[in-house]
1. Determine ³J(HN,Hα), in whole Hz, for all residues of the stretch 105-116 in sequence, where each value follows from phi through the Karplus function 6.51 cos²θ - 1.76 cosθ + 1.60 and θ = phi - 60°; x replaces Gly and Pro.
2. Once the Cβ-Cβ distance between F268 and A410 is put in as r, and R0 is 35 Å, what FRET efficiency do you end up with, to the nearest 0.05?
3. From the cross-link list K160/K384; K54/K367; K83/K362; K362/K384; K50/K399, which pairs have alpha carbons spaced over 23 Å apart?
4. What FRET efficiency, computed as 1/(1 + (r/R0)^6) with R0 = 25 Å and r the Cβ-Cβ distance, is obtained for K384 and Y331, rounded to the nearest 0.05?
5. May I ask you to derive the FRET efficiency for L372 and V165 from their Cβ-Cβ distance with R0 = 25 Å, giving the value to the nearest 0.05?
6. Considering only protein heavy atoms, what is the solvent-accessible area of E296 at a probe of 1.4 Å, reported in Å² to the nearest 10?
7. Can you list the residues, at least 5 places off or on another chain, whose amide H is less than 5 Å from the amide H of G109, using H built in the peptide plane?
8. Using a basic spin-label model with each label point 7 Å from the Cα along Cα→Cβ, how many nm lie between F317 and L189?
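The values are calculated or read from the model by the stated rules, or taken from the named source; none is laboratory data. Values in this document were obtained by computation on a predicted structure and should not be read as measured data. Every residue, glycine as well, gets a Cβ built from its backbone with ideal geometry; the counts of neighbours run over all protein chains shown. Areas reflect the complete protein model, heavy atoms only, side chains present, ligands, DNA and RNA absent. Shrake-Rupley method; radii C 1.70, N 1.55, O 1.52, S 1.80 Å.
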Amino acid sequence: MNFTHFINSLWVIICEMSPYILLGFFIAGLLHVFVNRATMSRHLSGKGWKPVVKAALFGIPLPLCSCGVLPTAVALRRRGASKGATTSFLIATPQTGVDSIAATYSLLGLPFAIIRPIAALAGAVAGGVAVSGFDNEKEDAATAMIAEPDEEQPHGFGRKMLAAVRYGFIDMVGSVGPWLVTGLVIAALITVFVPDSLLVGLSRYPILAMLAVVAVAIPMYVCATGSIPIALSLMMKGLSPGVAFVLLMAGPAANFASLMILHRTQGFKATAIYVSSVVVTAMAFGLLIDNLLPGEWFVPNSGIASTDACHATIGIFPVICSIVLGVLIVYTFIKGKHHNHNKITAMTKSYTIKGMACVHCKNNVEKTLARLEGVESVEVILDKGIATVNGDVDESAIKEAVELAGYEFAGEATA
């Protein structure tokens, strides 16, 4: 019985989210193709609050997870973005995204969808301004301004639209898909197997509940979209909307992997300010939601929240969208397991690279190494953390390029 309830709950949540997720992926592809990263960097240089605000506004709609945003931020930093602006971009980007904002509306309602980017903007600006004012650490090699060519984009509107579709429905699905599936499964498990009484007692102490959510969210590592069904399930079990909101904001932005890379590329002070901004802003807005805003604003509009999952009515369009989303996730998973293996020659070597966690990381490393003089081809196996380089290139050059991109070079891979 519980297993059937689990499957039904999972299916209802997927059908509620899938149309908005697909729309978000498409918009993500448009942003990737039509927004020039070099133009962004020019607006983010210099000191003061203006670059910080611009960085937050740039980052809010971008659908990058906390690991995928790090290489992007490093690239912006290398092109002249200030440290405060980079920190602002790092805070705002993983907490939101057009896909997660749309999915937030689908499951949690319009007020959540509006407050989420506002909170991301507030936290990003506060963190960025704080870094600009209090962080006087010296620049290092990873943040030096280095000329870097823009990623080549196709010419012509038709080709750009095809590239946008490919990026949104292939690359983005490959990147976000695993974390989205994880979030959906966790949400359904909480809905079915966690007793209401376990969380009702914790709801009497909102600040303690928020701190507990932060403690769980940091090692959990869930993307902005994947955190939504988990937040919904927590609300259905009796926790307040404010506590659920803390999970929405802290979960995607703070995890051990991203904090380690952030510490290496931005420094200790910037990392401490980053974490403080994320946690304090999430809790402040959570308390605002629970104590000052009308409770009826934060009643989830999902069918699963108001109707037993076994009897929920689902339209044909959400079902079609759910099937399409499932096919895309399966396709990208299979595609990721079948690599175009390079021809092994005397000039082919494999290296271990740490810190890669998604398709964005894989693509960034491949493009970074492919630009090195003497490199003929590059293949990154994400799940093994190995980059195979074919060409006449010195290991020190590969090490420098990998570290400049924001990852850890661990030497030649053992057979």
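1. Those phi angles translate into 4, 5, 9, 10, x, 5, x, 4, 5, 7, 5, 4 Hz.
2. Numbers: r = 22 Å, r/R0 = 0.64.
Taking R0 as 35 Å, the efficiency between F268 and A410 is 0.95.
3. Pairs exceeding 23 Å: K160/K384; K54/K367; K83/K362; K50/K399.
4. 0.75
5. Values: r = 30 Å, r/R0 = 1.21.
Efficiency, rounded to the nearest 0.05: 0.25.
6. 140
7. The answer is N301.
8. A separation of 3.4 nm, rounded to one decimal place.
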